[in-house]
Amino acid sequence: MLQILQHTPIWVFGLFFGLVFLGYSQTKTRKISTRRLAILPIAMLCLSASGVWSTFGANTLGFIAWLIGISIMLAIFAWLRYPKNIAYSSKEQLYTIPGSWVAFILIMMIFFTKYSVAVLLIRNSTLHQSIFFMIGICALYGLSSGWFFARAFFTYYFSKKELITTESHN
């Protein structure tokens, strides 16, 4: 294990600590704009898509598994009408987002999945040819980054829907 860490590029440690800070910030209730609501999901989608691309290339099946993972999260969020306890102030044009340790865990999961896959492929260069490995990893990337996308999408969607409903009754 020490040998693996010694051969890890220094920028990976910087990325790790940046993601720890970002994940921890997600555990606190905060007020954010629509623009900030979109930043983290876009970043997590890009990070997971780069994991698919860097590991499996332009493999259609890999990206289909990734998209299925994202779609599953969207369906779960729609079914559960999640996230709960969000608020939107049209006056301030800010969302109040409750903190979540789930976000922290998923950020770390994406990072460690990407890191572990890189280590596994260095140790076993033929592993990326396994269709089950590819589908599993790509689906995992899709599920974890899909959580961020679904949370932002439904935060926006539910707050606007409730705003319209509230305004139409006044």
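The values are calculated or read from the model by the stated rules, or taken from the named source; none is laboratory data. None of the values given here were measured: they were computed from a predicted structure. Ideal geometry is used to build each Cβ from the backbone, glycine not excepted, and the neighbour counts take in all protein chains shown. Side chains are part of the model used for accessible areas, which takes the heavy atoms of the whole protein and leaves out ligands, DNA and RNA. Shrake-Rupley method; radii C 1.70, N 1.55, O 1.52, S 1.80 Å.
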Calculated from backbone phi, Karplus (6.51, -1.76, 1.60) coupling profile of segment 22-27 in Hz, x at Gly/Pro: 4, x, 5, 4, 6, 7
Histogram of C-alpha separations across segment 22-170, 10 Å bin width, %: 11, 37, 29, 15, 6, 1, 0
Helix-derived mean residue ellipticity, 222 nm - over the chain, DSSP H n ≥ 4, -39500 (n - 2.57), to 500: -26000 deg cm²/dmol
Solvent-accessible surface (1.4 angstrom probe) belonging to K28, in square angstrom, nearest 10: 100 Å²
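Taking a ≥ b ≥ c as the square roots of the eigenvalues of the Cα gyration tensor of segment 96-147, is the shape rounded (a/c under 1.5), prolate (a/b larger than b/c) or oblate?
Oblate, since a/c reaches 1.5 and b/c is not below a/b.
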Rounded, prolate or oblate (a/c below 1.5 giving rounded, otherwise prolate when a/b exceeds b/c) for segment 9-91 by Cα gyration tensor: oblate
In Hz, Karplus ³J(HN,Hα) per residue of segment 125-133 (6.51, -1.76, 1.60; θ = phi - 60°; x = Gly, Pro): 5, 8, 4, 5, 7, 6, 5, 5, 4
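Keeping the other protein chains in place, figure out the carbon and sulfur percent of the accessible area of segment 1-155, with a 1.4 Å probe. Walk me through the numbers on the way to the answer.
Values: 6320 of 8900 Å².
Exposed carbon and sulfur together represent 71 percent of the surface.
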Placed amide H near A87: partners under 5 Å, 5+ positions off or other chain: T96
Cβ-Cβ FRET estimate between A75 and R35, R0 fixed at 45 Å, reported to 0.05: 0.95
3J(HN,Hα) from dihedral phi, segment 97-107, Karplus parametrisation 6.51/-1.76/1.60, rounded to Hz, x for glycine, proline: 10, x, x, 8, 6, 4, 4, 4, 4, 5, 4
